[in-house]
Amino acid sequence: MGGTAVVVGGGIGGLAAAIGLHRTGWEVTVVERAPVLADVGAAISLHANGIRALDTLGVGEAVRAASRPQYTGGTRTPGGGWLARMDGAVLERELGTPIVGITRAELHRLLRSALPEGALAIGAEAVSAGPAGAGRVRVTLKEGALDAELVVAADGVNSRLRAQLFPRHPGPVHSGSTVLRAITEEAVGLDMDFALTWGNGAEFGHIALPDDRAEWHAVLNSPPGVRHADPLARLRRRFAAWHDPIPRLLAATRPEAVLHHDIHELVTPLPAFTAGRIALLGDAAHAMTPNLGQGACQALEDAATLAAALAAEPTVESGLARYDAERRPRSQAVARAARQAGRMGQQLSHPLAVAARNTALRLAPSRATIRGILRHADWTPPVLG
């Protein structure tokens, strides 16, 4: 099957979907509302399922080459004590790859480079999508319109198209947490590739990057909309007594590099990921908290599965039905697991509950951490037609 497709949204999921459709014979246009490709974002960790999806899309090797394997690390307390260690070499033996770290800018660049010239239209904001007659869908832009046989809505957690397609759905809700993140300005000489540290109602984590800089994130229990005149200074005070290298990572960061976003999620599952000839993908379909590191990986799974389903089925309608059947149960289960992980991890704030959680983690067998990751990362990708 092939035809014309419009992908709304030029993020990781939208670009990956466009690659998959292009590889299976579709003529694809990606519309991205941003007028400039600034590639705003810090870095990202990709689990084996995300890497396998990228392999299916033909860009896995390029992403591996631009990434840093995350072999050493685990979860700690603010004083530096270990709650759980994780061995990336074990994951590599089990899954064929460890978790890898890559900057979002580089991942976006690699995904864009896999698309044909002219496929990406920037500064093009989609305002609606709907039937245009005779098996066509029309995407109305702020300036003009595009008709196609398929539309992929990859327009993020606050998806305008999702709200139109499912007007009774309550939409995203605030998770109770906010995240600040950045990439250090300089190499920081870390002695481990990745780490999470859990305190009372707070988490600090890092991943090491190929050039020896690091991406760090701080997740805090917070109502939505709270902002600070100098967020980096606040974090330096908040985490001043936490173990090395946390203060050192903050000291190696420029204030203007810090990004701050409230975390929203789709707590109410969507009843379908498709409507007519429109498919929802990534955060537009199943926005989840970042506690399992699976948000982007699930979007990549969506992209590979969508392209394979459309290639395998005789009609767009049957291909989209197959995509919905294969993706909705899994991605919504991962979203529920991520929410629960946050409640038992970063969001836990009562001292007695934190102490009980920490004791349970210390007593858990070393294999438990690996099993937890395998539960979500051991995914078999489809074969593109």
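The values are calculated or read from the model by the stated rules, or taken from the named source; none is laboratory data. Everything numeric in this text was worked out from a predicted model, so none of it was measured. Cβ atoms come from the backbone with ideal geometry, glycine included; neighbour counts cover every protein chain shown. These accessible areas exclude ligands, DNA and RNA; they are computed on the full protein's heavy atoms, side chains included. Shrake-Rupley method; radii C 1.70, N 1.55, O 1.52, S 1.80 Å.
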Could you please find all residues in segment 310-331 being under 30 Å from HIS217 (Cα atoms) and surrounded by fewer than 18 Cβ atoms within 10 Å (Cβ to Cβ)?
PRO329, ARG330
Residue count for segment 210-236, restricted to those that are more than 19 Å from LEU250 (Cα to Cα) and of a type in the set (A, V, I, L, M, F, W, C)
1
What single numbered condition from (1) touching a Pro at 6+ places or on another chain (Cβ under 7 Å); (2) within 30 Å of GLY130 (Cβ to Cβ); (3) open to solvent by less than 40 Å² (accessible area, probe 1.4 Å) fails to hold for GLY276?
(3)
Subset of segment 249-264 (residues that are surrounded by fewer than 20 Cβ atoms within 10 Å (Cβ to Cβ), touching a helix residue (DSSP H, G or I) at 6+ places or on another chain (Cβ under 7 Å) and in a helix (DSSP H, G or I)):
PRO255
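Considering only segment 215-259, state which residues are under 26 Å from the mean Cα position of the chain (by Cα) and among the small types (Gly, Ala, Ser). It would help to see each step written out before you state the result.
Step one: filter segment 215-259 for residues under 26 Å from the mean Cα position of the chain (by Cα), giving 215-228, 231-232, 235, 239, 245-246, 249-250, 252-259.
If the condition is that a residue be under 26 Å from the mean Cα position of the chain (by Cα) and among the small types (Gly, Ala, Ser), then ALA218, SER222, GLY225, ALA252, ALA257 are the ones that fit.
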What is the number of the single condition among (1) open to solvent by 40 Å² or more (accessible area, probe 1.4 Å); (2) at pLDDT 95 or above that GLY50 does not meet?
(1)
Could you please tell me which pairs satisfy a Cβ distance under 7 Å, a separation of 6+ or placement on different chains, a first residue in segment 255-282 that is of a type in the set (Asp, Glu), and a second residue that is modelled with pLDDT of 95 or more and assigned to a strand (DSSP E or B)?
ASP262/HIS174; ASP262/THR178; GLU265/VAL173; GLU265/SER175
Sort out for me the strands (runs of 3 or more DSSP E) sitting completely within segment 60-177 that have 3 or more residues that are touching a residue at least 12 places away in the same chain (Cβ under 8 Å), over 20 Å from PRO210 (Cβ atoms) and in contact with a strand residue (DSSP E or B) (Cβ under 8 Å, 6 or more places away or on another chain).
72-76, 82-87, 120-122, 126-133, 136-141, 145-148, 150-153
